[in-house]
Amino acid sequence: MKKTIALIAPLALAALLPLNAAAQTAAPWKWQGAISLYMPTVSGKTVFSQPAPGSDVSVNTDDILGVKGFFMGTLEANNGRWGGFTDVVYLDVGGSKSGSFDMRVGGAQLPVGASASAQLDIKGWAWTLAGTYRVVTKPDYTMDVIGGARLLDIKQTLDWNLAGNIGSVPLPGRAGNLNTSLSNWDAIIGVKGRFAFGQDKKWFAPYYLDVGTGNSDLTLQAVAGIGYAFKWGDVLASWRYIDYRMKSGSKIEDMNFNGPAVSAVFHW
């Protein structure tokens, strides 16, 4: 299964290349690249395992992390109806919390009178690679169907210390430093496009939706926004939601990113 999914990425990349010499001369390739600042709320639940029975530590990441800023990059190419794109989100964030919040040791809530201090760090990549085929081309509306793969490669590190009424908490669960990670390949399908409006059609509303599965139980990404076209490219404000539901037994049980992005898009 993993080998099959991993093969989708190079196959999708092939959509960026001409199929034959005739395709090369039929129409020039059109390229666009985007640089974005993404400012999402990071949510999810992670279980950090320890060797001692009954001492696993679980936290909800949104209890510790606030809104963060990530950088994203996108490269897209089109030739006639065929095309492809790659999209990368790099994550390197951290946050800390002290006092009372949703933290469990051995599956149980902390005792009344107990408090915790925790530092959570998340590093990794979300990389999408897909081929596209245009099914609708109109002056004010386009739609592409997409197929490809997405990689989520994440490492989470938790430092914590408990204080107060912690007599019932197992000794290994009272303080420590643990990490967990995953590297998931998922096949995706979806649609993307844009609506143009206004007197000169310089205003537009882009949309994107994909769903997939593979190493993850389910992954979903949705984007909607509004932009303005200049001669050199576009300026775009959008909202992006990326969601993961992991398979049973995964230490990172679920994870999502939800928030606004601001992008500069260049055409050549």
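The values are calculated or read from the model by the stated rules, or taken from the named source; none is laboratory data. Since we're looking at a predicted model, the values are computed, not measured. Reconstructed Cβ throughout: ideal geometry from the backbone, glycine too, with neighbour counts over all protein chains shown.
Of the residues making up region 105-113, at least one is of a type outside the set (A, V, I, L, M, F, W, C) and assigned to a strand (DSSP E or B). Residue count for region 92-149, restricted to those that are closer than 25 Å to LEU182 by Cβ, without any contact (Cβ under 8 Å) to a residue 60 or more places away in the chain and not hydrophobic (A, V, I, L, M, F, W, C): 12.
Scanning region 100-155 for residues that are touching a Leu at 6+ places or on another chain (Cβ under 9 Å) and hydroxyl-bearing (Ser, Thr, Tyr), we see that the one that is farthest from THR74 (Cα to Cα) is SER115. Check region 161-169 and report whether any residue there is farther than 30 Å from ALA118 by Cβ and either under 15 Å from the mean Cα position of the chain (by Cα) or small (Gly, Ala, Ser) (or both). No. The single condition from (1) within 22 Å of GLY147 (Cα to Cα); (2) loosely packed, with under 15 Cβ neighbours inside 10 Å; (3) small (Gly, Ala, Ser) that SER248 fails is (1). Pick from region 147-157 the residues that are touching a Gly at 6+ places or on another chain (Cβ under 8 Å) and of a type in the set (A, V, I, L, M, F, W, C): which of them is farthest from VAL47 (Cα to Cα)? Here the answer is ALA149. When the residues of region 101-126 are filtered to those that are surrounded by 14 or more Cβ atoms within 10 Å (Cβ to Cβ) and small (Gly, Ala, Ser), the one that is modelled with the highest pLDDT is ALA126.
Taking region 155-268 and the strands (runs of 3 or more DSSP E) fully enclosed by it, the elements with 3 or more residues that are in contact with a Lys or Arg (Cβ under 8 Å, 6 or more places away or on another chain) are at 175-197, 203-214, 218-229, 252-267.
For region 43-75, give me each residue that is at pLDDT below 90, buried (at least 17 other Cβ atoms within 10 Å of the Cβ) and of a type in the set (A, V, I, L, M, F, W, C). Those that are at pLDDT below 90, buried (at least 17 other Cβ atoms within 10 Å of the Cβ) and of a type in the set (A, V, I, L, M, F, W, C): ILE64, LEU65, PHE70.
It is to be established whether one or more residues within region 158-179 are buried (at least 17 other Cβ atoms within 10 Å of the Cβ), hydroxyl-bearing (Ser, Thr, Tyr) and in contact (Cβ under 8 Å) with a residue 12 or more places away in the chain. No; the residues of region 158-179 include none that is buried (at least 17 other Cβ atoms within 10 Å of the Cβ), hydroxyl-bearing (Ser, Thr, Tyr) and in contact (Cβ under 8 Å) with a residue 12 or more places away in the chain.
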